[in-house]
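Below is one structure; the comments refer to it alone.
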Amino acid sequence: QAQLVESGGGLVQAGDSLRLSCAASGRTFSSYAMGWFRQAPGKEREFVAANSWSGGDGNYADSVKGRFTISRNNAKNTVYLQMNSLKPEDTAVYYCAAAGRPLARGIIKESTEYDYWGQGTQVTVSS
């Protein structure tokens, strides 16, 4: 089975930046959708960012648009989430997700469309 491992989370102050990494193994996902979701205490898991394939444009939640950027390194089979201008409301456990197929724009934000999930990495943003 494919495995995803997130890293790069931590404790930062508002306005700081972080880059999350998601290393995949067991399968190559360059042709398929990969994304990031997050879950804060007491809230449901929500979509953050995704792209349908490595060369595709990013799709972003309104709350992070203009601040976060998703990218991939196909040689390393790794997806990244560059997070700039972090806010306290960005505090959450961030999960990497991968589909076993391309995902159209209309469904790429749906967590149920993803087949593989990492264990999550904690991002905490203080005021």
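Details
- Residue list for segment 19-38, restricted to those being over 14 Å from Tyr114 (Cβ atoms) and open to solvent by 30 Å² or more (accessible area, probe 1.4 Å): Arg19, Ala23, Ser25, Gly26, Thr28, Ser30, Ser31
- Criterion applied to Ser21, Ser71, Ser31, Ser54 was being in a loop (DSSP other than H, G, I, E, B) and in contact with a strand residue (DSSP E or B) (Cβ under 6 Å, 6 or more places away or on another chain), and the one residue passing it is Ser54.
- Checked against (1) open to solvent by less than 30 Å² (accessible area, probe 1.4 Å); (2) in contact (Cβ under 8 Å) with a residue 60 or more places away in the chain, Asp90 passes all but condition (2).
- For beta carbons closer than 8 Å, sequence separation of 6+ or different chains, a first residue in segment 1-24 that is in contact (Cβ under 8 Å) with a residue 24 or more places away in the chain and a second that is open to solvent by 30 Å² or more (accessible area, probe 1.4 Å) and acidic (Asp, Glu), the qualifying pairs are Ala2/Asp115.
- Scanning segment 56-65 finds one or more residues that are open to solvent by 40 Å² or more (accessible area, probe 1.4 Å), under 18 Å from Val125 (Cα atoms) and without any contact (Cβ under 8 Å) to a residue 24 or more places away in the chain.
- Qualifying residues in segment 95-127 (those that are in a strand (DSSP E or B), closer than 14 Å to Cys22 by Cβ and among the hydroxyl-bearing types (Ser, Thr, Tyr)) - the one farthest from the chain's Cα centre (by Cα): Tyr116
The values are calculated or read from the model by the stated rules, or taken from the named source; none is laboratory data. The structure displayed is predicted, hence computed values, not measured ones. Cβ sites come from the backbone with ideal geometry, for glycine too, and all protein chains shown count toward neighbours. We work out accessible area using only protein heavy atoms, side chains counted, and drop any ligands, DNA or RNA first. Shrake-Rupley method; radii C 1.70, N 1.55, O 1.52, S 1.80 Å.
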